[in-house]
Amino acid sequence: MTRIGIILGSTRPHRKGEPVARWAVDVASQRGDAEIELVDLRDFPLPLLDESAPPSFGRYEHEHTRRWAEKIASFDGFVIITPEYNHSTTGVLKNALDYLFAEWNNKAVGFISYGPQGGVRAVEHLRTMAGELMMADVRAQVVLPFTTEFENYSTFTPGDHNLPVLTTMLDQVISWSRALAPLRARQAAA
């Protein structure tokens, strides 16, 4: 079974991403074509990148890095949920991505973003990072503006109009994750 990790990319107190993540996991878990798991960055408290060797070397000296690498390696693809801070993603998510290399390679990734303008600029930065990490980013993206999807800019109340794009994004992530499986197998055998 294809394993998809839904990464919650904010650790702030009172973060708006938590109900977004629950919604995405609930919808994705109703499918029968993939195993879905929430990966909350709060559960992986990584300090600012503190490995002495570049991640591409794959030599992790710290237990927190090995634990993070093991979790990410267990997935075939990802959905990343990100808010937009200052026209970009969160520092904690950027740091988590920077910690690893091979564990991200040849895996599909889709995005759910939220913020004043729906978080689209944060995803543009994430797409650039995904390319460098040899991830295949899918086209469909769920965009959740505060003005329409959060009551009083606070309480997440997604409209049903979001379901078709979420379904399409999940379809793309799962199918691309399967299509990339031979590349991951070759990488593991090397």
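Just so it is clear, none of the values below were taken in a lab; they were calculated from the coordinates. No experiment lies behind these values; they were computed from the predicted model shown. No Cβ is skipped: glycine too gets one built from the backbone with ideal geometry, and neighbour counts run over all protein chains shown.
Here are some notes:
- Database remark: amide H of Glu84 closer than 5 angstrom to the amide H of Tyr114 (H placed geometrically; neighbours at sequence offset of 5 or more, or on other chains; Pro and chain starts carry no H).
- Fewest-first ordering of Met134, Met169 by other beta carbons within 10 Å of each residue's beta carbon gives Met134, Met169.
- Dipole axis of the stretch 3-189 (+1 Lys, Arg; -1 Asp, Glu on Cβ), positive-most option in Val142, Asn106, Thr90: Asn106
- Net charge of the neighbourhood of Asp43, taken over other residues with C-beta under 10 Å away and scored Lys/Arg +1, Asp/Glu -1, is +2.
- Order of Lys71, Lys107 under a 10 Å beta carbon neighbour criterion, fewest first: Lys71, Lys107
- Contact order normalised by residue count of the stretch 3-189, Cα under 8 Å, 6+ apart, percent: 23 percent
- Coupling constants for the stretch 54-71 follow from the phi torsions by the Karplus curve (6.51 cos²θ - 1.76 cosθ + 1.60, θ = phi - 60°), and in residue order they are x, x, 5, 6, x, 9, 9, 8, 9, 4, 4, 6, 4, 5, 5, 4, 4, 5 Hz; glycine and proline get x.
- Difference of contour (0.36 nm per residue) and Cα-Cα distance, Asn105 to Ala190: 29.2 nm
- With 0.36 nm allotted per residue and the present C-alpha distance subtracted, the Arg31-Thr128 stretch has 32.0 nm of extension available.
- The chain: antiparallel DSSP beta bridges as a percent of all, rounded to 5: 10 percent
- About the Cα centre, charge dipole magnitude for the chain (Lys/Arg +1, Asp/Glu -1 at Cβ), debye: 240 debye
- Near Glu18, once Lys and Arg are set to +1 and Asp and Glu to -1 for all other residues with Cβ below 15 Å from its Cβ, the sum equals +1.
- Under-5 Å amide H pairs with Ile6, H placed in peptide plane, nonlocal only: Glu37, Leu38, Val39, Val79
- Shape of the chain, Cα gyration tensor, a/c cut at 1.5: oblate
- Residues Val79, Val143 in ascending order of nearby Cβ atoms (within 10 Å, fewest first): Val143, Val79.
- Neighbourhood net charge (9 Å Cβ-Cβ; Lys/Arg +1, Asp/Glu -1) for Ala53: -1
- Were the residues from Leu49 through Leu163 laid out at 0.36 nm apart, the gain over their Cα-Cα distance would be 37.4 nm.
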